[in-house]
Amino acid sequence: MTWSTAPPTVDPMWQKQLDCLEFLNKTSAVANRNDKYCKGTWDGWSCWPDTKAGSSAYTPCPEFITGFDPTRTAHKECGSDGVWFIHPTSNKTWSNYTTCVNLADLEWRQQVNLIYETGYAISLIAILLSLAILFYFRSLKCARITIHINLFASFAANNSLWLLWYRVVLGETEVIARNESGCVVLHLVLHYFLMTSYAWMLCEGFYLHTVLVSAFISEQRLVRWLMVFGWSSPAIVLTVYGFSRGFHGTEEDRKECWMNETVYTNALVAPVCVSMLLNLLFLCNIVRVLVLKLKAPLGPQGNSGPSRNILQAFRATLLLVPLLGLQYILTPFKPEPGHSWERAYETISAFTASFQGLCVATLFCFCNGEVIAQVKRKWRSVFFSNRARSNSYTATQVSPLRLQFVRCGPPVSGEVKV
């Protein structure tokens, strides 16, 4: 048996086919030729050995097919005439993979994926609307709003890439099986923006802490440093993660577009947990400072306490910090596959991960006092200006009519009618 030479960059499926053909060459040499048998073959997913006529061959279900349970087995029937079973619809030899699907588990996983896609789509719309509002009202421009904009931008990119991942990679079994460089690059870029989201949440907490604790600080210089940290530190983490998994990982670590969790995933989880811990420490110290300032007597001008905007930003950050990393906080407690708590864990993770952008947009934009004030001011100006123009237009139309009615009215006393 002969086959063409493998290309310079060996595709995983091509390698599986080569291994199958090599296996068939070895087993065919020792097969009993006195009996009828179906000739071993590669069907594109699995390798089927020479099989005695009137019997069936069995093989583990391919693990790279979404929805397949690799602990189950597929089978292929060899007819009594030594010919593989031919499906009546397609009129081609057919391998039975229907037993590989756990229909109840597949339906549940599809529902979880639907939660992810729905949440990311809603969050993306909310984030883009928030960015439009913040860019439209130029009077909102300040150091804190600049940090909000960068946080929103990271979430918008992250949500967009997750939607692309679910459509292009998870929705296409062949893409996962081929494991080409494109889907690996998408995996790395996606996780870069995932890391930037948590980096900018840390910047939010650090900015609040610095503004409240440090009396004399240049906010513009602080924002410049935070810009460098928010966008560059995730790049360092992803570089370490990519090189370690790509060059030091096993073949198992580098398969299926790197979508499976391995020991190298800890390189991404650890910085997120550290950033959350630092944010919690910042917030605890902010609480202490706020309590001291609120208890302190007012100064000569009555402005020694923290501003209302700072308090609002603090409350929003305090609510977001535990929420944004909930799925990572629960990572050490993740149930094993098949555990009774697995479905609850995956469902909670789907909601907390996909609706993060909506929570950020709601707390930092839609419920922001400054933003609400600007929107109300703009609404009032547009409403009253339109109303004033309408009244002006009505007056110009009514005035001639009033003159006409006066002229057409009954004669006044003493007037002579002609």
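The values are calculated or read from the model by the stated rules, or taken from the named source; none is laboratory data. From a predicted model like this one, the values you see are computed outputs, not experimental measurements. Here the Cβ positions follow ideal geometry from the backbone for every residue, glycine too, while neighbour counts run over all protein chains shown. With ligands, DNA and RNA removed, areas are computed over all heavy atoms of the protein, side chains included. Shrake-Rupley method; radii C 1.70, N 1.55, O 1.52, S 1.80 Å.
Assorted remarks:
- Residue 108 meets each of the listed conditions (1) in a strand (DSSP E or B); (2) closer than 28 Å to residue 258 by Cβ apart from (1).
- Within the range 232-263, the set of residues being of a type in the set (Phe, Trp, Tyr) and surrounded by 18 or more Cβ atoms within 10 Å (Cβ to Cβ) comprises 241, 258.
- Residues in the range 49-77 that are part of a loop (DSSP other than H, G, I, E, B) and more than 39 Å from the chain's Cα centre (by Cα): 49, 50, 53, 54, 55.
- Residue within the range 85-93 that is of a type in the set (Ser, Thr, Tyr), touching a Phe, Trp or Tyr at 6+ places or on another chain (Cβ under 6 Å) and closer than 23 Å to residue 60 by Cβ present: yes
- Listed by first and then second residue, the pairs linking a residue in the range 192-208 that is open to solvent by 10 Å² or more (accessible area, probe 1.4 Å) to a residue that is not in a helix (DSSP H, G or I), with Cβ atoms under 8 Å apart and 6 or more places separating them unless they lie on different chains, are 198/325.
- The listed residues are 279, 260, 266, and the only one of them that is on the phi < 0 side of the Ramachandran plot, within 17 Å of the chain's Cα centre (by Cα) and at pLDDT 80 or above turns out to be 260.
- Long-range neighbours under 8 Å by Cβ, at least six apart or interchain, first residue open to solvent by less than 60 Å² (accessible area, probe 1.4 Å) within the range 214-231, second acidic (Asp, Glu): none
To keep it simple, each residue is scored yes or no on (1) open to solvent by 50 Å² or more (accessible area, probe 1.4 Å); (2) farther than 30 Å from residue 366 by Cβ.
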residue: 60; (1), (2): yes, yes
residue: 64; (1), (2): no, yes
residue: 72; (1), (2): yes, yes
residue: 80; (1), (2): yes, yes
residue: 86; (1), (2): yes, yes
residue: 95; (1), (2): no, yes
residue: 104; (1), (2): yes, yes
residue: 109; (1), (2): yes, yes
residue: 118; (1), (2): yes, no
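- Residues (part of a loop (DSSP other than H, G, I, E, B) and either touching a residue at least 40 places away in the same chain (Cβ under 8 Å) or closer than 23 Å to residue 199 by Cβ (or both)) located in the range 244-261: 254, 255, 259, 261
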